[in-house]
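Enquirer: Quick one: the structure is below, questions incoming.
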Amino acid sequence: KGLALQVEINAHKVNYGMHQVYQFVIRDISLRKKTELALKESEQRYRMLADVSFAGIVISENGIIAGVNGQLTEMSGYASSELIGKSVMTLVAPESRQDAAAALQTNRLEPYELTALRKDGTVFPVEVRARMTRMNDHIMRVSVVQDITARKHIESLLRASENKFATAFLTSPDSIN
């Protein structure tokens, strides 16, 4: 069985004495093609991991969005092309922008809550967790954004139930031990 190679061929017309001839340069590019394929597959794996995440992911540099995953576009209503190059404040409701700016300036790494802003103008509560990382010569902030609407609703129901119980307990004519 023969060995299959991927090659690049360049031909040049050159003078050889009294004749014009073609000079062919054949380069084995099998390793380059194999490396390009491995890189493409690696990029696809990482894109898939980011896109199947249950949380939104925003990659930013100096407060400017460099990338987002599918979950973030789904939760915000924006297409990724509408967000890339925009300020991260595009995704933050006005009442939370001061807190978001403080988190960005201090490179806050602890989780924090904000009110997020969808493209249609509706707002929803989110929890943000961020990490700084180096990508080539750039310092990037990778933020994981989790919609906590359901959690906030359950907390509200729990508080209402506790208040109802406390009111019943405090206003009960019977002695409770």
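Enquirer: List pairs: first in segment 1-22 and β-branched (Val, Ile, Thr), second part of a loop (DSSP other than H, G, I, E, B), Cβ under 7 Å, 6+ apart or cross-chain?
Expert: Val7/Ile29
Enquirer: Given the condition under 12 Å from the mean Cα position of the chain (by Cα), open to solvent by 100 Å² or more (accessible area, probe 1.4 Å) and modelled with pLDDT under 90, answer yes or no: does some residue in segment 54-70 qualify?
Expert: Looking for residues that are under 12 Å from the mean Cα position of the chain (by Cα), open to solvent by 100 Å² or more (accessible area, probe 1.4 Å) and modelled with pLDDT under 90, one finds at least one in segment 54-70, hence yes.
Enquirer: Among the residues of segment 119-177, write down those that are surrounded by fewer than 10 Cβ atoms within 10 Å (Cβ to Cβ), among the small types (Gly, Ala, Ser) and either over 23 Å from Ser87 (Cβ atoms) or touching a Lys or Arg at 6+ places or on another chain (Cβ under 6 Å) (or both).
Expert: Across segment 119-177, the qualifying residues are Ala150, Ser172, Ser175.
Enquirer: Further question on the same structure: Being basic (Lys, Arg), outside any helix (DSSP H, G or I) and open to solvent by 90 Å² or more (accessible area, probe 1.4 Å) narrows it down to one residue among Arg47, Arg27; which is it? Before the answer, list the steps.
Expert: Details: Arg47 fails: outside any helix (DSSP H, G or I).
The conditions single out Arg27.
Enquirer: Further question on the same structure: Within segment 5-20, can you find the residues that are exposed (fewer than 10 other Cβ atoms within 10 Å of the Cβ), on the phi < 0 side of the Ramachandran plot and not in a strand (DSSP E or B)?
Expert: The one that is exposed (fewer than 10 other Cβ atoms within 10 Å of the Cβ), on the phi < 0 side of the Ramachandran plot and not in a strand (DSSP E or B): Met18.
Enquirer: Given the residues Ala116, Ala150, Ala79, Ala130, which is the only one that is within 19 Å of Phe54 (Cα to Cα), hydrophobic (A, V, I, L, M, F, W, C) and in contact with a Phe, Trp or Tyr (Cβ under 7 Å, 6 or more places away or on another chain)? Outline the logic, then answer.
Expert: Details: Ala150 fails: in contact with a Phe, Trp or Tyr (Cβ under 7 Å, 6 or more places away or on another chain); Ala79 fails: in contact with a Phe, Trp or Tyr (Cβ under 7 Å, 6 or more places away or on another chain); Ala130 fails: in contact with a Phe, Trp or Tyr (Cβ under 7 Å, 6 or more places away or on another chain).
The match here is Ala116.
Enquirer: Looking at segment 130-146, can you tell me whether even one residue there is modelled with pLDDT of 95 or more and among the small types (Gly, Ala, Ser)?
Expert: no
Enquirer: Condition first: modelled with pLDDT under 90, under 14 Å from Gly63 (Cα atoms), touching a helix residue (DSSP H, G or I) at 6+ places or on another chain (Cβ under 8 Å) and open to solvent by less than 90 Å² (accessible area, probe 1.4 Å). Can you find one or more residues in segment 93-107 that meet it?
Expert: Looking through segment 93-107, at least one residue is modelled with pLDDT under 90, under 14 Å from Gly63 (Cα atoms), touching a helix residue (DSSP H, G or I) at 6+ places or on another chain (Cβ under 8 Å) and open to solvent by less than 90 Å² (accessible area, probe 1.4 Å).
The values are calculated or read from the model by the stated rules, or taken from the named source; none is laboratory data. Just so you know, these numbers come straight off a predicted model, no measurement behind them. Don't worry about glycine lacking a Cβ; one is built from the backbone with ideal geometry, like all the others, and counts go over all protein chains shown. Each accessible area value is taken on the protein alone, full model and side chains, heavy atoms only, with ligands, DNA and RNA left out. Shrake-Rupley method; radii C 1.70, N 1.55, O 1.52, S 1.80 Å.
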